[in-house]
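I have placed the structure first, in the form of C-alpha cells, so that the comments after it can refer back to it.
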Amino acid sequence: MRRYPVLLSLVVLLLASSAHAQIQIGTVKGAVTDPSGALVSGADVTLDSSLTGFRISAITDQQGEFIFNNVPFGSYTLRVKASGFQNTTSGISIRSNIPVHTNVILSVAGVTESLSVVTTETLVQPDSSGTSTTVDETFIGRTPGAVRSRQLPKVIATTPGWRAENDGLLHVRGVDDGILYVVDGVPITDRIDLVSGNAHDTETIRSLNVITGNIPAEFGGRSGAVVTIQSKSTIGMPFTGGFSIGGGNFSTGEMNATIGGGGKKEKLGFLVNFSGNRSGRFLDPVDPGNFNNRGGTLGLHVRTDWHPTADDFVLFTFATGGADFHITNDREQELAGQRQRQELRDNRESIRWQRVWSSSTVTNLALFRQATTSGLFGSSFDTPLFASQDRGNSRLGIVASLTQSQRNHVVKLGFEASRVSLREFFTFAVTDPEEAEEAHISEAALRFDRAHPFLFRDRKTRGQFSGYIQDTFSPLRNLTINAGLRYDYSNLLVSEQQVSPRLGIVYFIPKSKTALRGSFDRLYMPAQVENLLLASSEEARRLSPFATDQGGGSAAIRPERVSAFEVGFAQDLFGVLKLDAAYWSRSFRNYDDPNVFFNTTIIFPNSVAEGFARGVDVRVDVPERQGWSGYISYGNARIVQTGPINGGLFLTDEVIEIGPGTRFTPDQDVRNAASFGVTYQFRPKGFWISLMGRHESGVPLEVDDEGLEELRSRSGAELVNFERGRVKPWTIIDVAGGFELFSEKRVTLQTQIGIENIANKRFVYNFGNPFSGTHFGHPRMLNARIKFVFR
C-alpha cells in the first residue's frame, strides 16, 4: 500500500465527490417573451452551426419555453422566429454538461430600435485551446463509401494530422492506432478497425468531434487522439424510421433499417438500428489479384433515453456485431488452395445517469461492459505456414463525474476504473520449409512444424484506474486557460503509473477574430490488449530477431509516455472561411508500434525504446454559402524511432538491424498527407453532389539493401520508388451525389450514387514491410443506394 499513496488519496477524494467523465454533450433551455414580458408560444427556435452543418429545431410550448438535449460541445447560433415579431439571433457556447439557460426577448415587427439579443457569428471558438474538428451527420452521410464498415475511419481521416493505412487503420501525430473513442460518454480504449473490432455504424451517429491537440485531462488511456461520438436520439420526436438498400461492383451489398420515437413529451425515446454489408473486396489485398477476398458484417444498435424528472436523465445503450471474412492470399497461397478466414464478435452495454442538482452543478455516473472475441481459422492447404487463433478480451468499468460552475471557473473532477480480462490461444506450424525459407522465416520459427507446432495459451485479469481535476477559467478578458492534472495507474501487464499535467492557453482578438493558442500535455498509454499475452511472453521473445543476450528485445511492453507541445492559431476570414494551423511536437518513451503477423490480419503489440514526431497541421473550412461548402486538410510530419524493439511476434529475419540506440524511420512516417472536399446542395429539390480527394506521399519500406533487391521482382513493384526507399505517392478522387425522388409530409424516398477512385489509380499502402506487410489500395469502386424514410 505504501507504493501508491497518490492512488489511495485520489480514490478517497473522488469517491467522496462523485467526479467528472468523458460526456461531451450539453443542454440548452430557454423562454421566449415579448417586450412586456408576456410568454410567446408557438415560436420557431433553431440551434445551428454554419461551420459543421449541425441543425436542430423546436417550437415553444404554452409557457413559451424550449429545450434542446444532447447538443455536442461547440459554438452555435440560436435563431427565433415568431409571427408579428422581428427575427432574433444570439450566440450560444456549450463547454460543459451544465445546462445553458437563455431568455429571448422579441421586438415587435416594424419597430426600428435595436433588438434585445443580437450577436455577430464568428467561425472561431474564442475559448478553444486545442486542435479539434467537429463533423456532423450530414457530412458523414455524404462521404462516398462502397463498404460501409470502412466509413468511420474514412470520415476521421478527412481531419488534419491523420495518415490512412490498409483496412481502415489510422495513424495520427506519430502514433500508430492510439485512438480513444468515447461513445455517448463511455470510453473505448480497445482497437476499433476492420480487422480488430467492429466500428460504430455511421448511420447512428449524430456528430463526432476529433481532438488531436491539447487533449483535456478527462481523457486518457490512448495517446494519439480522442474521437467523441454522439449517437442519434429520438427523445421528444414522433415515431420515425427508415430503410435503405444498396450495392456496387465486387459483389458489394448493404442494408440498413432504423426505427424509433418518443412522442411529443421530453420523457422517453428509443432508437433501434440494424445494419449489414458484404463485399468481394472486404480487405485491402496482399496481391493485385485480390485473391480470397470476401467478407461481411452485421450490427445491432439500441439506444433508450429516459427523463424520469426534469433534472434526471438516464441513457441505456446496447450494441452487438460481428464480421466474418477471408484472409487475402498472395499468388503462391492462392495456387496452393489456402483459405484462411477470421471471425470477430463484440458487444457493448452501458447505462448512464445524469443529475442536474442546480444551475451550476451536474453529476454523471456510467457503468459499462465491453467484450470482443476473435478467431483465426487455418485451412488444410496453408503455405508456407499454418496459423490458428482464439482470443477474447472484456472490460467492466465505471465512470463518474462532477461539473461545478462558479463565477469565472468551470471545474471538472472525475475518475474511471475498469477490470480487464484477457484470454489467448495461438498456434502456428511451418507447412512448406522451402517456401518458408524463401519468405525469410527465421531458423527459430522453422523448428515448428505440423508434428511439433508452436503452442501458446494463457489468461489473465488486470485493472486500470485514473482520476483527474480540471479547471477552465479566464483570468483576463479574452484570455482562457484550461489547466488539468491527471493520474493513471495500470498493470497491463506491467504495473506502472503516471501523473500528467495538461495546460492550454488561448487568447482571442475580437477585432480580427483571431484565436492564438499554445498547450502542453503529458500522455500515458498502456499497451493494446489485443494479443498482449503472447506478445509479452518469453515464448515470443525467443523468436524475436531483436532479442540479444544483453537484454535487447525485452518481452515486457511498458506503457507509452508522451510529452506533447502545440502552438497554433484559428482565424475567421470575413465570415467566409475558417483557417486553423498548428505546429506540434511529441517525444516518446516506450513508443507503441504494433506489427502484423506474416500475411494475416493479426496485429501484435510491441514498443520501441524512444522516438519523436513533429509536424504541421492545417485546416480550412468554408461554411455553406449559396449551397456551396468545402474543406481542405493538410499535414506534414517527420517521425524517428530509436531501438531496441520490445515485445511483438516476429517470424522473419528480413528486417533492418534495430539494436539499442539504432535510429530508424517507422512505417507510419508519411511526410505529406492532404484531403479536400467540395459540396453543392440545392435544398428545395433535395439535390447534392460532393467531390472529395486524398493524397499521401508514401511510407518507407524498412528493409535492408538485400531485401530491396528481392522486392523489385514482386508483383506491384512498379508502385514503389526503390531509390527513395518508399512507396510512390498516391492521390485518389471520389465523387458522390444524391437527390429526393419523392417527398411528402411524412414520407421521403432518396437515392445516392458514389464512385471511389474515379481515375482508377493504382496504388499501394505498404510494400514488403516487416511490420505492416504489403497491401494494395482499391481500384475504381461504384456504389448506389436507395433510402425510404417515414416520420
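The values are calculated or read from the model by the stated rules, or taken from the named source; none is laboratory data. None of these values were measured; they are calculated from a predicted model. With ideal geometry, Cβ positions are generated from the backbone for all residues, glycine too; neighbour counts draw on all protein chains shown. Protein only, heavy atoms only, side chains kept; ligands, DNA and RNA dropped before computing areas. Shrake-Rupley method; radii C 1.70, N 1.55, O 1.52, S 1.80 Å.
In the range 194-221, of all residues being outside any loop (DSSP other than H, G, I, E, B) and open to solvent by 10 Å² or more (accessible area, probe 1.4 Å), the one that is modelled with the highest pLDDT corresponds to I211. Considered as a group, the residues in the range 318-338 that are within 26 Å of the chain's Cα centre (by Cα) and open to solvent by 20 Å² or more (accessible area, probe 1.4 Å) include one that is nearest to F598 (Cα to Cα), and that residue is H326. For the range 167-182, residues that are of a type outside the set (K, R), more than 11 Å from the chain's Cα centre (by Cα) and either over 22 Å from E756 (Cα atoms) or buried (at least 24 other Cβ atoms within 10 Å of the Cβ) (or both) total 3. Return yes or no: is T143 on the phi < 0 side of the Ramachandran plot and modelled with pLDDT under 90? For T143, the condition - on the phi < 0 side of the Ramachandran plot and modelled with pLDDT under 90 - is met. Of all residues in the range 591-639, those satisfying the criterion of being aliphatic (A, V, I, L, M), open to solvent by 10 Å² or more (accessible area, probe 1.4 Å) and more than 30 Å from L385 (Cβ to Cβ) are V616, V618, V620, V622, I632.
Residue by residue, here is whether (1) assigned to a strand (DSSP E or B); (2) of a type in the set (S, T, N, Q) holds:
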site: A445; (1), (2): no, no
site: A451; (1), (2): no, no
site: L455; (1), (2): yes, no
site: K460; (1), (2): yes, no
site: T472; (1), (2): yes, yes
site: N482; (1), (2): yes, yes
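Does L315 satisfy the criteria of being more than 30 Å from N760 (Cβ to Cβ), open to solvent by 50 Å² or more (accessible area, probe 1.4 Å) and either in contact (Cβ under 8 Å) with a residue 24 or more places away in the chain or not hydroxyl-bearing (S, T, Y) (or both)? No; evaluated as a whole, the condition is false for this residue. For the range 201-208, the criterion of being aliphatic (A, V, I, L, M) and under 24 Å from E696 (Cβ atoms) is met by at least one residue. When the residues of the range 729-766 are filtered to those that are under 23 Å from G241 (Cβ atoms) and among the basic types (K, R), the one that is modelled with the highest pLDDT is R746.
Among the residues here, S9 qualifies as at pLDDT below 85 and surrounded by fewer than 16 Cβ atoms within 10 Å (Cβ to Cβ). The residue pairs whose first member lies in the range 75-89 and is charged (D, E, K, R), whose second member is part of a strand (DSSP E or B) and open to solvent by 50 Å² or more (accessible area, probe 1.4 Å), and whose beta carbons are closer than 7 Å, counting only pairs six or more residues apart or on different chains, are K81/D44. Only one of the listed residues (P153, P126) is of a type outside the set (D, E, K, R), open to solvent by 10 Å² or more (accessible area, probe 1.4 Å) and not in a loop (DSSP other than H, G, I, E, B). That residue is P153. Across the range 472-528, the qualifying residues are those that are more than 30 Å from D176 (Cβ to Cβ) and of a type in the set (D, E, K, R), and the one among them that is surrounded by the most Cβ atoms within 10 Å (Cβ to Cβ) is K513.
Conditions (1) basic (K, R); (2) within 26 Å of I639 (Cα to Cα), marked per residue:
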residue: R694; (1), (2): yes, yes
residue: D704; (1), (2): no, yes
residue: L708; (1), (2): no, yes
residue: R726; (1), (2): yes, yes
residue: T731; (1), (2): no, yes
residue: Q750; (1), (2): no, no
residue: A759; (1), (2): no, no
